[in-house]
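Comments concern the structure below.
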Protein chains: 2
Amino acid sequence: MSLAEFSPCSYSRYQTLPSNLSSAPLTAFHVHAFKRGRSKLQVRRPLNITCSVAPSQVQSPATAVPVRPADAANKQECYGVFCTTYDLKAEEKTKTWKSLIRVVVSGAAGMISNHLLFKLASGEVFGQDQPIALRLLGSERSYQALEGVAMELEDSLYPLLREVSIGVNPYDVFEDAEWALLIGAKPRGPGMERAALLDINGQIFAEQGKALNAVASRSVKVIVVGNPCNTNALICLKNAPNIPAKNFHALTRLDENRAKCQLALKAGVFYDKVSNVTIWGNHSTTQVPDFVNAKINGVPVKKVINDTKWLEQEFTERVQKRGGVLIQKWGRSSAASTAVSIVDGIRSLVTPTPEGDWFSSGVYTNGNPYGIEEDIVFSMPCRSKGDGDYELVKEVVIDDFLRERIKKTEAELIAEKRCVAHLTGEGNAFCDLPEDTMLPGEQ
Amino acid sequence: MSLAEFSPCSYSRYQTLPSNLSSAPLTAFHVHAFKRGRSKLQVRRPLNITCSVAPSQVQSPATAVPVRPADAANKQECYGVFCTTYDLKAEEKTKTWKSLIRVVVSGAAGMISNHLLFKLASGEVFGQDQPIALRLLGSERSYQALEGVAMELEDSLYPLLREVSIGVNPYDVFEDAEWALLIGAKPRGPGMERAALLDINGQIFAEQGKALNAVASRSVKVIVVGNPCNTNALICLKNAPNIPAKNFHALTRLDENRAKCQLALKAGVFYDKVSNVTIWGNHSTTQVPDFVNAKINGVPVKKVINDTKWLEQEFTERVQKRGGVLIQKWGRSSAASTAVSIVDGIRSLVTPTPEGDWFSSGVYTNGNPYGIEEDIVFSMPCRSKGDGDYELVKEVVIDDFLRERIKKTEAELIAEKRCVAHLTGEGNAFCDLPEDTMLPGEQ
C-alpha cells in the first residue's frame, strides 16, 4: 500500500481569488498571504484535496484548480485542518479574542521546537485570548518531519491554534511574522573550529536576516537560539536594516534560570525567592552570571550565602556545566528546559516586569550605561512594560570582580564580530578565536 | 574530572525527626512521607548536601546524619531544589493556592513523559492555583535519565511545582498519590506475540495495582497509557481491590482527538466544531470511532458529510493509521500529541463536561446501559461534573453498523481477559488471540 493511499488527513490548497471577489458567497474566510509580494487583499478559497501528505505527493482531483503548484523550492503551505477557512469574529466564543498573531519557528523539526510549538499552541505563552498562527521553517531534508509535527499539532485540537504552515524558504515563511524564534542551526561537526561554525551558521542567519528585512512585520521581535547565538543575532540584525536592531535578542534565559536554581539550592530556599539575576555577555563559557547584584528574598545574595569561594568560583562553573551534566545523565541535550526558557523570554517581553526585578537577554548595544562596547549583542539586565519592547536596567553596580570578567566576554564578542565581518557587510573577516568557549552540552 | 566534582545542584536528604519536634525552630517545613508505613506526622528536616547526583553517589559531609541510606532497591528521594522546605500557607502569594496534589508518572524517562511532566508542572492541567508534587517512576536502567528529567524540571523554575521525587519502587513512589499516569510499559520485541506482550506488561501492571492498593490515596485516579492499555488497566484494578474500579481509565483520548480532526477535515470545518465523538471498545485496531452519534456544529455528522463510504470505511482507517503515518514522517512515535491527549483526559475529569457533549475513556464495565460485557475495560462515552469522577452517557444510539463492530472489539477484550486470568486472580490463562491488533505506530 502506498503512503498516499492511507494518508490520514485532508489537505487543502488555496486558490487565489481577485480581491474584488471577497464579497463572493464565501461564508467565512481568512486572508492568507504566504508568498513574497502577494497582495494582502487577495483572498484564498480552499480547494479540498483529501490528503495531508506533502504537496508534491498530492494527486489533484480533476475538479481542483491548483493555482500554486508545489515544488521543492517553494513549499510554504498551510497544513491540513489549518487550511480550513473561518472567521474568528463571526464565532460567538471567539469574539473577545485578539487578532491572530503570526509566530515563526525555525528548526521546527528539532527537539527544542517539538516542545516549544505545543507550548505556543496551548496559549500558555501569549494568553488564552490570543489566537495564533504557527509558521514552521525547516530544511528540505526535514520536510517530512515538519509534516509529522504539523500532524501532531492537528491531533492536539488546540482551539487557539488557527493556522499552521510549513516551508523551507524563509522569504515565504517569515511573511508578516510578528515573532521569529530562530532555533535552527547547523550542529558543529567533529573537529570543527568555532570560527568555521560561526561562518556556516552565520550564513544561515545572514539569509534569515535578509528574509526578515524583506517580508516580516516591521515590528517583528526576533529571538535567536541557534548557536553561537549572540553573534548569529548580530549577523541577523545587520542584514535586516529596516527592522529596529532593538528587536533582536540572543537567548541567555536558560543560563539565567540555571543560575537562579543554583543560588536557590546553595541558599536552601525555593527558586521563586531568587531575583535580579543577570547573565552578562556572551552565551558561551565567558558568560558572567552575576551574583553580586542578585537577591534572595530581597536581600543581596552575598549577605545570604556567606561562601565567597563558592560564589566566585563554583557558582559560574555549575551554571555553565549544567548542560554537559544533563547530556551525561539523560543522553540528550536539554530540549525541554530550553523551550521553557524561550517561553520565559517571550513572556518577559509581553508581560510587565515585576517591580524592582529584571531579566537577562542578549541585546544590541547602542548607548548602554555600562561602558560595554557598542554595536555587539551582549546579554544585559532588561525590563519591559509588557509591550514587546524593553529598556536596559541602568542602576546595576559593576564591581571589580564583575568588570574583569565582563571585559573578557566583551573581548570575545568583539573577536567574534571581526570573524564574521564578511557577513555583516563590514569588510573582510579576521578570525582570532584561540579558545573553544562553546558551552558543554550544546552544539 | 569525576562526575561528582562538577555535579550541578545541591542535593538534600531528609532527617526524620520525631513529630514532637515539629515545633522546633524550623522556620518553614513541609511534611514528606515517602516510605510505606512512615507516619505522616513525622517531619523531615533537610540536610543540605551539595550535590544533585544519585543518592548513591553522594558523599555525606561529616555533619550530616543520613537517616535513610540510599540503596538501589529504595531510591525514592526528593530531588535537588525540590527538597527545599517551605510552607505554602506562610507565603503571601501562595495563600490562595489549593493543597498540594501528588501526581505519579511512570515511564518518566520516556518521551511521552518528557512532554507530559512539563505540562503538569506549568499548571495548564490542574490550574494556576494548584501546587503540584511530581513523583517520577522509572527503572534501574533509566535512573540517570530520571535525574536528567528532574534537573530540567529544576531549571524550569515552575512556581507551582513544589516537589519532585524520583524512584524505581512503586511502593515508594505511589504513596498517597492522587493521580497515577501509568505510561511505562515494555515495548514489543521483534517477533513477540501479542499474548507474550500481554503477559510481560500485565505483570508490570499487576505489581503497580498492588502498590496502588497498598499505598496510594483511596481516591486515586489512574490513567493507563502503556499498551495494551485496556487490559493493563483491567489487571491493575483487579490487583487494587481497595480502590474503586471506577477510578481506573485506559487512554483512548488520542483516538478521539484524531477522529475529531479527521471529521473536521472531511467536512472542511475547524476541529472545534466537532463534538460527541465516542471511541468504543479497545485501544487497538478493533476500536470503533463513532461517526453515527458525532456532531458537527450540533448537526449529526451524517447530515454534514454525505459520503457514507468514506464514513463507514475510510474514516476508521484514517484514525487508526495516523500513528503509523507519523512514524514514517517523523521517525518517532507521537509523544507530543499523546501527552496532549493525556492532559485532555485529565482535564475532562477535573472540569465539567460542556452541556450536551461527552468524552471517551476506557472504563470498567459494571452496569452499562449498552449491553456490553461486564467486568472488562471498555472505552465509552462519559461525562463529568469536574470532580474527578464521571458517569456514563446513557442516551447514545447504537445502530446495526456500530453494534456489529462493537461486538468484535468486545470479543477481543473478552479474549484478552482470558489471556491474563493468571494476573487478575481468575485462574489459568487461556490465550486465543489470532490477530495482531496493535495500532500502527505503537509499541
*Does residue A:118 satisfy the criteria of being more than 13 Å from every other protein chain (Cβ to nearest Cβ) and either over 18 Å from residue A:152 (Cβ atoms) or not in a loop (DSSP other than H, G, I, E, B) (or both)?*
no
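If we scan the stretch B:310-322, do we find a residue that is over 26 Å from residue B:378 (Cα atoms) and within 13 Å of chain A (Cβ to nearest Cβ)? Show your work before the answer.
Filtering the stretch B:310-322 for residues over 26 Å from residue B:378 (Cα atoms) gives none.
Within the stretch B:310-322 (the criterion being over 26 Å from residue B:378 (Cα atoms) and within 13 Å of chain A (Cβ to nearest Cβ)), the answer is no, since none of the residues qualifies.
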*If you check every pair at least six apart or on different chains, which have Cβ atoms under 9 Å apart with a residue in the stretch B:279-306 that is on the phi > 0 side of the Ramachandran plot and surrounded by 17 or more Cβ atoms within 10 Å (Cβ to Cβ) first and a residue that is part of a helix (DSSP H, G or I) and of a type in the set (D, E, K, R) second?*
B:281/B:405; B:281/B:408; B:281/B:410; B:281/B:412
*Give the stretch B:223-270 a look and list any residue that's part of a helix (DSSP H, G or I), within 14 Å of chain A (Cβ to nearest Cβ) and either touching a residue at least 40 places away in the same chain (Cβ under 8 Å) or among the basic types (Lys, Arg) (or both), or say none.*
B:253, B:254, B:255, B:256, B:257, B:258, B:259, B:260, B:262, B:263, B:266
*Kindly check whether there is at least one residue in the stretch B:126-139 that is in contact with a helix residue (DSSP H, G or I) (Cβ under 6 Å, 6 or more places away or on another chain), surrounded by fewer than 21 Cβ atoms within 10 Å (Cβ to Cβ) and of a type in the set (Gly, Ala, Ser).*
no
*Taking the residues in the stretch A:335-356 that are touching a residue at least 60 places away in the same chain (Cβ under 8 Å) and more than 13 Å from every other protein chain (Cβ to nearest Cβ) as candidates, determine which candidate is farthest from the chain's Cα centre (by Cα).*
A:356
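From the list A:124, A:140, A:147, A:163, which residue is of a type outside the set (Ser, Thr, Tyr), touching a strand residue (DSSP E or B) at 6+ places or on another chain (Cβ under 9 Å) and not in a strand (DSSP E or B)? Show your work before the answer.
On the way: A:124 fails: touching a strand residue (DSSP E or B) at 6+ places or on another chain (Cβ under 9 Å); A:140 fails: touching a strand residue (DSSP E or B) at 6+ places or on another chain (Cβ under 9 Å); A:163 fails: not in a strand (DSSP E or B).
Among A:124, A:140, A:147, A:163, only A:147 is of a type outside the set (Ser, Thr, Tyr), touching a strand residue (DSSP E or B) at 6+ places or on another chain (Cβ under 9 Å) and not in a strand (DSSP E or B).
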*Does the stretch B:137-160 contain any residue that is closer than 16 Å to residue B:83 by Cβ and away from chain A (no Cβ under 12 Å)?*
no
_Out of everything in the stretch A:323-334 that is facing chain B (nearest Cβ under 7 Å) and outside any helix (DSSP H, G or I), what residue ends up being farthest from residue A:282 (Cα to Cα)?_
A:331
*Would you mind stating whether residue A:292 is at the interface with chain B (Cβ under 10 Å from one of its Cβ atoms) and not in a strand (DSSP E or B)?*
no
*How about the stretch A:75-111: which of its residues are within 12 Å of chain B (Cβ to nearest Cβ), of a type in the set (Val, Ile, Thr) and buried (at least 24 other Cβ atoms within 10 Å of the Cβ)?*
A:81
_Complete set of residues in the stretch A:350-396 that are touching a Leu at 6+ places or on another chain (Cβ under 8 Å), assigned to a loop (DSSP other than H, G, I, E, B) and surrounded by 18 or more Cβ atoms within 10 Å (Cβ to Cβ)_ = A:376, A:384, A:390
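Can you confirm whether the stretch A:185-208 contains a residue that is more than 14 Å from chain B (Cβ to nearest Cβ), polar (S, T, N, Q), more than 30 Å from residue B:257 (Cβ to Cβ) and without any contact (Cβ under 8 Å) to a residue 40 or more places away in the chain? Full working, then the answer.
First, the residues of the stretch A:185-208 that are more than 14 Å from chain B (Cβ to nearest Cβ): A:185-208.
From what is left, the residues that are polar (S, T, N, Q) are A:201, A:203, A:208.
Narrowing further to those that are more than 30 Å from residue B:257 (Cβ to Cβ): A:201, A:203, A:208.
Pick out the ones that are also without any contact (Cβ under 8 Å) to a residue 40 or more places away in the chain and you get A:201.
Yes.
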*Tell me which residues, restricted to the stretch B:419-428, are more than 20 Å from residue B:241 (Cβ to Cβ) and touching a residue at least 60 places away in the same chain (Cβ under 8 Å).*
B:419
*Select from the stretch A:307-332 the residues that are without any contact (Cβ under 8 Å) to a residue 24 or more places away in the chain and of a type in the set (Lys, Arg) and write down the one among them that is farthest from residue B:109 (Cα to Cα).*
A:309
*Condition broken by residue B:209, with the remaining ones in (1) in a loop (DSSP other than H, G, I, E, B); (2) crowded, with 20+ Cβ neighbours inside 10 Å satisfied*: (1)
_Search result, residues across the stretch B:397-431 that are at pLDDT 95 or above, out of contact with any Leu (no Cβ under 9 Å at 6 or more places or on another chain) and part of a loop (DSSP other than H, G, I, E, B)_ = B:397, B:398, B:399
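The values are calculated or read from the model by the stated rules, or taken from the named source; none is laboratory data. Note that the structure is a prediction, hence the values are computed from the model and not measured. Cβ coordinates were reconstructed from backbone atoms using ideal geometry, including for glycine residues, and neighbour counts include every protein chain displayed.
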